[in-house]
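Notes follow once the structure below has been shown.
Any read-out appearing in this document is the output of simple, stated calculations on the displayed coordinates, not a laboratory observation. Just so we're clear, the structure is a prediction, and the values are computed from it rather than from any experiment. Cβ: placed from backbone, ideal geometry, glycine included. Neighbour counts: every protein chain shown.
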Amino acid sequence: MLNSRFLGFVRSARWQQSADYRRQLAQDGDADCLTLAQARQGDRLIVQGSTDCAVALQAIRFGIGSGAEITVCKKIPGGPVIVSRNQQEIAIGQDLASSILVLLEVDR
């Protein structure tokens, strides 16, 4: 169960401002910023956050909160995006994937 302090942060104006900023980045077509639904199979990504508080909480439950490094294992057309993190694969539906903002990871 999430503590009330964290939930208070999620509902705060600061969180909403950052969500608005991320939403604006996605709409502006920033070359590096895209949604998980737009990523291609094999892409290595860094999760930046979400455009919706409820989606952010769901992503945290999956273990792919902001800053998490993930790899797109498979994209099923019209279906889920399958990502892996720490040798665990997670299938994320299109609606949820279209709300998760990510950055392409540069090869090290």
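Give me the distance in nm between label points sitting 7 Å out from Cα along the Cα-to-Cβ direction at Gln41 and Gln88, one decimal.
Going from the Gln41 label point to the Gln88 one covers 2.5 nm.
What order do you get for 58-64, 44-50 when each peptide is scored by the mean count of other beta carbon atoms within 10 Å, highest first?
With the highest mean Cβ count within 10 Å placed first, the list reads 44-50, 58-64.
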